[in-house]
1. Taking region 135-151, which residues are open to solvent by 50 Å² or more (accessible area, probe 1.4 Å) and either under 13 Å from LEU179 (Cα atoms) or assigned to a helix (DSSP H, G or I) (or both)?
2. So, in region 252-293, of the ones that are under 22 Å from GLY197 (Cα atoms) and open to solvent by 30 Å² or more (accessible area, probe 1.4 Å), which residue ends up modelled with the highest pLDDT?
3. State which residue is modelled with the lowest pLDDT when the search covers only region 471-492 and only residues that are touching a Pro at 6+ places or on another chain (Cβ under 9 Å), part of a strand (DSSP E or B) and within 14 Å of PRO450 (Cα to Cα).
4. Hey, does region 214-221 have a residue that's closer than 28 Å to ASN273 by Cβ, assigned to a helix (DSSP H, G or I) and over 28 Å from the mean Cα position of the chain (by Cα)?
5. When only residues in region 262-273 that are part of a helix (DSSP H, G or I) and out of contact with any Phe, Trp or Tyr (no Cβ under 9 Å at 6 or more places or on another chain) count, which is nearest to VAL203 (Cα to Cα)?
6. Scanning for something surrounded by fewer than 15 Cβ atoms within 10 Å (Cβ to Cβ), assigned to a loop (DSSP other than H, G, I, E, B) and modelled with pLDDT of 90 or more, does region 189-196 turn up at least one residue?
7. Within the group ASP329, ASP283, which residue is in contact (Cβ under 8 Å) with a residue 12 or more places away in the chain, farther than 24 Å from LYS249 by Cβ and in contact with a helix residue (DSSP H, G or I) (Cβ under 7 Å, 6 or more places away or on another chain)?
8. So if I check each of ARG468, ARG462, which one is outside any helix (DSSP H, G or I), under 17 Å from LEU211 (Cβ atoms) and at pLDDT below 85?
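The values are calculated or read from the model by the stated rules, or taken from the named source; none is laboratory data. Keep in mind that this is a model prediction, so the values were computed, not measured. Note that we place each Cβ from the backbone using ideal geometry, even for glycine, and neighbour counts take in every protein chain shown. Ligands, DNA and RNA are excluded from the accessible area calculation, which covers all protein heavy atoms including side chains. Shrake-Rupley method; radii C 1.70, N 1.55, O 1.52, S 1.80 Å.
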Amino acid sequence: MQAFQLLSRGGVKFDRRRFKTDVQLFSKEPAKSAPATVDGGALPPELDYFKYAPGGSGPGKRKVEDDDGAAKTKAAKKRKVQGVDEEQDNDADDSTEDAPSQPRQRVVTKGSNAPAPADTFSVLAERYQVSSLILSNLRTYGYNYPTGIQSHGIPILLESRDLAAISPTGTGKTLSYLLPIISSLVAPASSANSNAGAGVRAVVLAPTRELAHQIHNECLKLAEGRKWRVVLFSKATASTLAEKSVRDKVDIIISTPLRLVASLKSGNLELSNVRHLILDEADRMLDAEFFPQFEEILAACSHPKLQKAVFSATLPANAEKMAMQMLRDPIRVVVGLKDTPLPLISQSLTYVADDPSKLPSLLAYLAQPYNPPVLIFTSSQPRATSLAQELVLNGVANVDCLHAGMTQKERGDAVSRMRRGESWVMVSTEVMARGMDFQGIREIINYDFPTSVQSYIHRIGRTGRAGREGKAVTYFTDDDAPYLKALTGCRTHRIANVLLQSGSPVPDWMLKLPKPSKLKRRQMGKVKRAEGVNPARRIGRADAIKKRDMIAGSKRRVIRERKKEGEAEEE
């Protein structure tokens with residue numbers, strides 16, 4: 001009877017009086033007793049087929065109605081019908097949206113004279129004279145309402161203030177800086193009405209080429225309708241921009257730091273006219289690998305009215321201190337809780353005894369029904385390749401691989417297949433953990449335990465984007481257990497706290513784990529893992545390598561002998 005009651009709550013009207021005898025067959029109560037009332041608790045998701053029941057994830061909620069409504073007056077019935085029609089109209093309007101609306105999050109702003117947020121894009125048009133063409137492009141591509149970071153960040157940048165923005169993954173940070181840039185530039189450099197000066201006027205830096213390519217695509221959407229020159233900086237475009245006449249007509253450059261520094265050193269690029277400098281994934285851009293390159297770029301941007309902004313989903317204390325020192329009278333905006341993923345992502349931890357036990361666990365997981373596409377993260381390039389091969393050999397369909405060791409064409413093809421839905425399982429390294437936006441990804445699997453809380457948040461942030469729900473599973477072994485409670489040596493950065501703050505359950509035993517020693521914290525991130533994920537593949541590998549080397553050595557000896565014989569004949 002309980003299942004019958006739950007199924008009857010899906011928004012469909014059921015006439016108990018007409019089917020009175022059938023109801024009695026499923027009811028334990030006497031026939032004359034009052035009809036059983038349905039508990040007001042949340043309906044289990046697996047039974048919420050119509051997404052209308054209380055607690056469902058659909059666009060609207062409908063109240064469960066009693067069957068005594070037959071005694072209502074005609075006027076009440078008329079009002080009821082009108083209410084249903086209005087609700088259906090609202091549902092139809094909601095269905096036209098490309099993505100579900102995102103829940104409101106807490107936004108904390110710190111800084112002097114911070115401008116008021118803009119709840120709608122029309123407010124931006126009224127307050128800052130954003131062009132109607134930009135608003136039209138926003139509507140065309142489904143941007144109906146600004147998110148938390150957009151409603152606060154866009155007014156700050158439009159008032160020419162420096163900004164440090166920390167917002168969870170999938171909350172629309174890219175649009176938060178692209179819209180102010182295009183609006184502030186007013187007109188393309190090639191336009192007759194432009195008073196832009198000579199040279200590039202805006203630079204956006206990203207740590208990976210894949211992310212830079214994604215930002216370039218989003219910028220092209222906003223720039224439709226006018227002849228903006230937006231350049232995705234590469235080896236080919238760098239040679240094209242070597243000519244000053246071509247370079248002076250460029251409005252926006254989107255690039256990785258290394259490529260930009262190479263052109264600066266060769267004298268093929270000048271940044272003295274840059275008015276906007278944006279760092280996406282700022283925590284990565286300000287680490288030891290990229291910071292020297294960024295300093296060179298910053299020194300080349302010598303315009304007196306240079307505006308700087310940094311955006312990231314995570315920003316450690318040392319990186320944030322560097323960013324705040326670099327900015328001029330900055331405003332700091334934090335959306336949600338700092339260094340915490342969105343609550344839309346269901347997080348779980350799965351124990352596997354050791355590294356060889358991960359592959360059987362993953363194969364068992366993929367043997368059950370799952371929601372493709374699935375993104376799997378490993379700690380190194382050889383392990384990503386090995387895992388993809390093992391999945392293919394075990395019959396998993398549509399497996400692909402992506403890491404920095406592949407050629408640019410191979411990486412581009414892999415990303416394209418992922419976007420077209422041809423890849424159901426993508427095995428990757430950290431190259432995809434930064435900023436890549438695949439709205440269809442439903443599940444994330446951390447095959448290798450992340451080395452820091454920032455890495456963990458960016459990994460699982462590939463799902464649960466644009467208000468959609470997601471799922472993240474992390475495998476951990478006995479060797480990883482000491483780092484469950486503390487990562488990167490920072491007591492406040494505990495994976496248990498990350499799960500608790502985002503609303504995911506945490507086992508009691510995890511909270512009782514002892515803190516790792518200083519030695520173990522220093523070793524975190526330096527754990528050596530085998531290049532292959534299946535130890536059985538190593539059987540006979542040494543003999544095969546020895547045989548291959550012997551054959552290669554024999555061929556070299558034959559070549560040397562033939563060369564000596566040829567020299568002797570010549571003499």
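1. First, pick out the residues of region 135-151 that are open to solvent by 50 Å² or more (accessible area, probe 1.4 Å): 139-141, 143-145.
Answer for region 135-151, where residues must be open to solvent by 50 Å² or more (accessible area, probe 1.4 Å) and either under 13 Å from LEU179 (Cα atoms) or assigned to a helix (DSSP H, G or I) (or both): ARG139, THR140, TYR143.
2. ARG275
3. The extreme case among them is LEU487.
4. Residues of region 214-221 that are closer than 28 Å to ASN273 by Cβ, as a first pass: 214-221.
From what's left, assigned to a helix (DSSP H, G or I): 214-221.
Cutting the leftovers down to over 28 Å from the mean Cα position of the chain (by Cα) gives us none.
The answer is no; no qualifying residue exists.
5. Out of the qualifying residues, it is LEU264.
6. no
7. Result of the check over ASP329, ASP283: ASP283.
8. Checking each option against the conditions leaves just ARG462.
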